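Below is one structure; the comments refer to it alone.
The values are calculated or read from the model by the stated rules, or taken from the named source; none is laboratory data. It should be emphasised that the depicted structure is a prediction, and the values quoted were computed from it without experimental measurement. Cβ placement follows ideal geometry from the backbone for every residue including glycine, while neighbour counts extend to all protein chains displayed.
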């Protein structure tokens, strides 16, 4: 009876080991795919335009501050104490407004980048998933990740994913 159990266990282990070796594994550099997508280039252009608009607004505030500061310094001696305090407070408020705007602008740029990048990542992931499913891959590993595996032993899915996404230009040099 013990021999039958041992034999059954040995056969089960051999079958699971051989089925593991029959599985297909792939690799992909998703960063390379994302950078090659035309949507990414369009996103970068849109993000730069958005950032430039915010930068222009920031420069407008800075010019206003500099003009008021120059006027304050020029006329400092002619101002009464109450006018001087009012002008100093106005300059401080304008400087605070500029700093707040700069912080909000940085957060807005990050939000806009995430907003524009999310659909691109989803499209790339869908293409990777489709290629993996169509070709029977059990797992796809990210090239360059911290996990240790033999990249040469894995099939590179990048050419198929690039075709799926309609990317025709050559991959960027690493």
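Worth a mention:
- Residues of the range 77-101 that are under 29 Å from residue 53 (Cα atoms) and either touching a strand residue (DSSP E or B) at 6+ places or on another chain (Cβ under 8 Å) or outside any helix (DSSP H, G or I) (or both): none at all.
- When residues of the range 143-169 are limited to those that are touching a helix residue (DSSP H, G or I) at 6+ places or on another chain (Cβ under 6 Å) and either at pLDDT 90 or above or outside any loop (DSSP other than H, G, I, E, B) (or both), the one farthest from residue 25 (Cα to Cα): 165
- Condition check for residue 41: loosely packed, with under 13 Cβ neighbours inside 10 Å, farther than 22 Å from residue 101 by Cα and within 30 Å of the chain's Cα centre (by Cα): yes
- Scanning the range 132-141 for residues that are surrounded by 12 or more Cβ atoms within 10 Å (Cβ to Cβ) and either in a loop (DSSP other than H, G, I, E, B) or modelled with pLDDT of 95 or more (or both) yields a single hit, 135.
- Single unsatisfied condition, residue 172 versus (1) at pLDDT below 90; (2) touching a strand residue (DSSP E or B) at 6+ places or on another chain (Cβ under 8 Å); (3) loosely packed, with under 14 Cβ neighbours inside 10 Å: (2)
- From the list 47, 20, 54, the one residue that fits, being at pLDDT below 90 and in a helix (DSSP H, G or I), is 20.
- When we screen 107, 92, 113, 103 for residues that are in contact with a helix residue (DSSP H, G or I) (Cβ under 8 Å, 6 or more places away or on another chain), more than 17 Å from residue 25 (Cα to Cα) and at pLDDT 95 or above, the only hit is 113.
- Some residue of the range 65-76 being closer than 30 Å to residue 123 by Cα and part of a helix (DSSP H, G or I): no
- Residue count, the range 58-99 (criterion: under 44 Å from the mean Cα position of the chain (by Cα) and without any contact (Cβ under 8 Å) to a residue 12 or more places away in the chain): 11
- Among residues of the range 100-113, those that are loosely packed, with under 12 Cβ neighbours inside 10 Å and more than 21 Å from the chain's Cα centre (by Cα), counted: 1
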